[in-house]
Amino acid sequence: MILILYNLALLAALLLGAPWWLWQMATTEKYREGLGERLGRVPSLKGRDGRRLIWIHAVSVGEVLAVSRLVEALGVALPHSMVAVSTTTRTGQRLARERFGADRVFYCPLDLPWAVGSYLRALEPRMLVLAETEFWPNLLSGCFRRGIPVAVVNARVSDRSWPRYRRLRALWRPFLGRLASVLAQTERDAARLVAIGCDPKRVSVAGNLKFDLRAAEDTEATRTLKALRSDNRLVVAGSTLEGEEAALLAAWSELLAADPGPGPGLVLVLAPRHPERFESVATMLDQSGLRWVRRSACHGAPKDTHEQLRHAELVLLDTIGELASVYSLASVAFVGGSLVPAGGHNPLEPAQFGVPIVMGPSYQNFRAIVDDLRAHNAIRIAEPDKLAQILVDLLTDREAARDLGERARQVFSQQAGATERCVAVLTALLSSGQAAERAL
């Protein structure tokens with residue numbers, strides 16, 4: 001009954017929203033890309049060669065990064081299966097294709113009965129693995145009816161989404177209670193997942209896959225910055241949202257004024273979270289009066305662009321998938337989404353490199369990680385009016401900054417191992433022949 005009501009509500013929403021969706025598809029490329037796959041056209045997965053499929057769904061860039069080592073480790077542990085990855089967003093799709101190869105990456109179908117059914121019939125996955133809490137009733141129900149076990153890795157319920165899940169727990173319980181395994185990030189997440197309907201016997205704490213992030217290889221951005229800006233200190237501001245770039249530019253003048261010089265100069269690297277904002281941030285930089293250059297302009301760039309980069313005060317990182325490696329060059333890292341009330345982004349990317357980290361006061365999306373870093377005095381939390389001073393302190397007291405970064409690296413290292421724990425549970429689940437319970 002719940003599934004019927006859900007599909008009726010979904011149909012009503014599609015009918016009412018059809019004019020808006022048609023307009024978006026006509027005017028915006030990101031809504032057209034992958035539309036056929038989203039509506040149920042199943043792509044051909046080359047190289048499958050009759051192997052059974054392990055389907056991992058990672059919504060966007062953050063989830064793709066989190067499951068990167070899991071995809072690799074499952075491939076090693078299950079050599080007779082093919083591990084394929086779906087995403088929801090365009091940016092996630094691009095990064096997944098770059099990391100895993102286009103032949104095993106596809107767009108996740110919309111949660112429409114016919115689209116989901118097409119995928120499950122064609123792919124016949126041996127298991128569906130969801131990253132975090134990407135729960136879709138038709139997808140879950142379709143797997144349950146076919147006896148396909150569904151596992152969740154890196155599962156969490158953020159402070160922001162917790163009230164909504166709690167209010168709707170009666171609707172979620174029939175689906176979540178049939179999950180084969182739920183591997184939570186923290187004890188708090190595990191308790192919340194049980195409270196909204198997951199079977200407590202199937203919920204365990206495996207840790208956060210993002211502690212296993214590794215940026216082992218340089219990207220073109222890091223190679224370019226190291227070659228052309230080796231004599232400078234970089235302040236890398238990653239995953240920034242609207243309002244934060246303006247705050248960072250306002251603070252930047254104070255940093256330049258406080259820079260003791262002579263010696264290596266300061267360079268700000270701005271990495272907006274969403275690609276659709278690259279142009280608006282570029283317009284802001286044009287109006288700022290600062291000397292700046294786009295990272296994308298340095299791809300096979302001529303000599304004059306290299307000279308612009310050499311003398312720039314600011315670099316706009318307008319590419320996807322390079323931020324983690326650029327953090328490795330930072331003297332200080334600011335993690336965005338935290339000066340504005342958005343819940344913050346992942347501070348582990350700079351932590352793995354021993355870079356001193358600064359965040360704003362809004363970090364509830366990564367509360368457990370930030371609390372752990374704070375408990376070890378391995379991060380600085382800055383109110384908007386204190387941001388400039390905290391950055392100045394870390395840039396001028398290099399010993400204190402080095403110690404702060406090293407403590408962050410230690411926290412990162414101590415928390416690693418979630419990938420191995422997830423692989424152990426997933427392979428045991430498959431070998432035991434355990435299947436999801438059939439839907440009512």
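For this structure, a couple of remarks:
- Tally of residues being among the aliphatic types (A, V, I, L, M), assigned to a loop (DSSP other than H, G, I, E, B) and modelled with pLDDT of 95 or more across the stretch 197-218: 1
- Candidate set: the stretch 394-431, residues that are over 17 Å from P79 (Cα atoms) and at pLDDT below 90; chosen: the one farthest from the chain's Cα centre (by Cα): Q414
- Listing of helices (runs of 4 or more DSSP H) fully contained in the stretch 104-190 that carry 3 or more residues being open to solvent by 30 Å² or more (accessible area, probe 1.4 Å) and either out of contact with any Phe, Trp or Tyr (no Cβ under 9 Å at 6 or more places or on another chain) or among the hydrophobic types (A, V, I, L, M, F, W, C) (or both): 113-123, 162-167, 169-176
- The stretch 39-75, subset among the β-branched types (V, I, T), buried (at least 18 other Cβ atoms within 10 Å of the Cβ) and not in a helix (DSSP H, G or I), residue modelled with the lowest pLDDT: V59
- Close pairs from the stretch 320-340: first over 14 Å from I357 (Cα atoms), partner open to solvent by 10 Å² or more (accessible area, probe 1.4 Å) and polar (S, T, N, Q), Cβ under 6 Å, at least 6 apart: I320/T91; E322/T219; S325/T219
- Among the criteria (1) without any contact (Cβ under 8 Å) to a residue 40 or more places away in the chain; (2) within 30 Å of L53 (Cα to Cα); (3) among the small types (G, A, S), the one A416 does not fulfil is (1).
- The set of residues in the stretch 395-408 that are within 12 Å of A258 (Cβ to Cβ) and open to solvent by 20 Å² or more (accessible area, probe 1.4 Å) comprises T396, D397.
- Within the set G92, G36, the sole residue that is more than 25 Å from V152 (Cα to Cα), out of contact with any Pro (no Cβ under 8 Å at 6 or more places or on another chain) and at pLDDT 85 or above turns out to be G36.
- Meets criteria (out of contact with any Cys (no Cβ under 7 Å at 6 or more places or on another chain) and either open to solvent by 20 Å² or more (accessible area, probe 1.4 Å) or over 18 Å from K210 (Cα atoms) (or both)) for V332: yes
The values are calculated or read from the model by the stated rules, or taken from the named source; none is laboratory data. Predicted model, so just to flag it, every value in this text is computed and none were measured. Here the Cβ is made from the backbone with ideal geometry for all residues, glycine too, and neighbour counts use every protein chain on show. Ligands, DNA and RNA are excluded from the accessible area calculation, which covers all protein heavy atoms including side chains. Shrake-Rupley method; radii C 1.70, N 1.55, O 1.52, S 1.80 Å.
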